[in-house]
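Take a look at the structure below.
What follows draws every value from the coordinates through simple rules; no lab data is involved. This is a predicted model, so every value here is computed, not measured. With ideal geometry, Cβ positions are generated from the backbone for all residues, glycine too; neighbour counts draw on all protein chains shown.
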Amino acid sequence: MAFDDGLVLAAQHHAALERCGRVARMPAGTRLFDAGQSDDRIFLVRAGRVRTFAIAADGQEITTGVWSRGSVMGLLGAMEQGGKVLSAQTLDAAELLVLQEERLRRLVLDHPDLGWGLMRLLARMAASSIQRALRLASASAPQRLVDALVMLAELPEARHGEEAAAVIEGISQETLAGMTGASRPWVAQAMGDLAQRGLLVPSRLRIAVPDVARLRAAVSTG
């Protein structure tokens with residue numbers, strides 16, 4: 001279902017999904033749903049970035065993933081009818097295709113290969129979220145910050161230019177603080193430390209990453 005990673009749907013399935021859903025444009029910071037919430041809506045990302053997260057027992061938010069064009073949100077919770085598993089929030093202005101579970105169910109019955117594509121995507125996203133949650137459960141704040149930056153740098157929305165391998169735009173220090181469970185002043189200081197090490201070049205709502213591999217390696221050192 002993700003349009004850029006090999007799980008490509010046929011053109012007629014794209015058209016069928018568009019006919020079954022409605023397009024919604026949401027500003028940055030919009031909460032799509034909360035964990036435990038009973039909601040039969042399913043969200044397919046057409047543009048923008050969406051963060052999924054869980055809330056630990058101590059109240060800390062643990063970001064399980066940042067998703068972009070082609071990703072689907074809320075599918076498991078809608079189909080199980082037992083409440084959403086995670087919470088989801090737009091990181092920037094996003095365009096979403098919103099479907100009701102019953103309409104998607106009927107569409108899948110008519111197009112079994114569409115259902116198979118959705119199952120593969122769900123499995124891939126679940127595995128990624130679980131792996132990240134386990135990796136960060138005991139991680140330090142610097143490691144969580146680096147992990148979040150790498151995740152953002154690897155999205156298709158991260159521009160690539162001559163001066164950097166990836167350029168992350170539209171993400172504030174406040175947003176990074178929420179993603180890492182830290183304060184904004186701490187994020188500002190940590191970003192300065194990473195800049196001194198040559199791992200990134202931060203400016204207002206813009207973070208240039210000269211070498212994503214080097215930044216990724218910093219996860220092990222914090």
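A Cβ-based charge dipole, computed about the Cα centre of the chain with Lys and Arg at +1 and Asp and Glu at -1, lands at about 80 debye. Pairwise Cα distances in the chain exceed 28 Å for 30 percent of all pairs. Estimated from helices alone, the mean residue ellipticity of the chain at 222 nm is -12500 deg cm²/dmol (sum of -39500 (n - 2.57) over DSSP H runs with n ≥ 4, per residue).
The label-point distance for D110 and R184, in a model that sets each label 7 Å from Cα toward Cβ, rounds to 4.8 nm. When each of the peptides 122-133, 205-216 is scored by the mean number of other C-beta atoms lying within 10 Å of its residues, the order from highest to lowest reads 205-216, 122-133. With each label modelled as a point 7 angstrom along the Cα→C-beta vector, the E154-R31 pair spans 2.9 nm. Going from the residue with the fewest nearby Cβ atoms within 10 Å to the one with the most, E101, E154 rank E154, E101. Once the Cα-Cα distance is subtracted from the 0.36 nm per residue extended length, the S38 to A217 segment shows a gain of 60.5 nm.
For the chain, the relative contact order comes to 21 percent (Cα pairs under 8 Å, sequence separation of at least 6).
Would you mind checking the tilt of helix 112-136 against the longest principal axis of the Cα atoms of the chain, expressed as 0 to 90 degrees and rounded to 10? Tilt of helix 112-136: around 30 degrees. Each of the peptides 176-189, 24-37 was scored by the mean count of other Cβ atoms within 10 Å over its residues; in descending order, highest first, they stand as 176-189, 24-37.
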